[in-house]
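What follows is a single structure, written as structure tokens, with notes after it.
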Amino acid sequence: MGGFDSLIPSPSPAGGEGSEWRYDPRAKLVVYLLGCGVILLTTRPLALLPLTAAPLLGIAVGRRWGEWWRVMRLLWPTLLLFAIIVGFGGGPEAAAGAVPRLLALVTASVLFFALTPPEELGESLLASGLSPQAVFLLEGTLRFAPTMATLAREVREAQESRGIRLDGLYLLRNGFALLGPLLATVMRFADDLAEALEARGFGGPTRTPLVEYRFRARDWALVLGMLAMTVGLGLVI
């Protein structure tokens, strides 16, 4: 069960009063979406600096540097390539605006998902009336990519230990040695996941959450404060 257990929706007792920073996951989702909207609408490079600094401050306060650094180590080649492409297409000024915008979006996303586990977000949306199937689709989407990356890495390491090279141009010639076992693993993964969901009564007519999610005064204050800040920044930029 360990390989697919992370994809099965399971309520977390941490989502209630003792949750991190004590805010409802839906309130944090609204703040995250508003923040992303402001970042996308901002065009001036200098105005993007405080928008990048704000989530960085949140990461520092929440002590989430490890998660942020792991993501940045993976994405820096993409950021560099993105800067080169935008620079050639629109000039240095366009690159100077696009790269900080992408960096701000990545930083805000790291902060949001570090402070809001997918299961807590899913359970809160389920409490709002969203169907269990839609919640599972959301949680599965958030968890599927890292799970598949782990499976691909395990298959690649196993094939390379057998002397099959999968680096550089060898990937074109020996790609099926990676793709075949990976597809077979994914098929078994999907079958085991379906059996586990059925055993847990997924999709049943009733479901009892372990935590009661509801908007409190602090959640409304957070959302309304972010909304006012968004409107104010929209008038300025």
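No lab work stands behind these numbers, since they all come straight from the coordinates. Everything quoted here is computed from the prediction, not taken from an experiment. Here the Cβ is made from the backbone with ideal geometry for all residues, glycine too, and neighbour counts use every protein chain on show.
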| field | Cleavage-rule hits, trypsin sites (Lys or Arg not before Pro), region 28-121, DSSP coil, Cβ neighbours within 10 Å at most 11 | value | Arg63
| query | Short version: ³J(HN,Hα) in whole Hz for each residue of region 186-192, in order, from phi by Karplus 6.51 cos²θ - 1.76 cosθ + 1.60 (θ = phi - 60°), x for Gly and Pro, what are they? | reply | 5, 5, 5, 4, 5, 5, 5
| task | Read phi for every residue in region 24-35 and hand back ³J(HN,Hα) as whole Hz from Karplus 6.51 cos²θ - 1.76 cosθ + 1.60, θ = phi - 60°, with x for Gly and Pro. | result | 5, x, 5, 5, 5, 5, 4, 4, 4, 5, 5, x
| Per-residue ³J(HN,Hα) for region 125-132, Karplus 6.51 cos²θ - 1.76 cosθ + 1.60, θ = phi - 60°, Hz, x for Gly and Pro | 5, 5, 5, 7, x, 5, 5, x
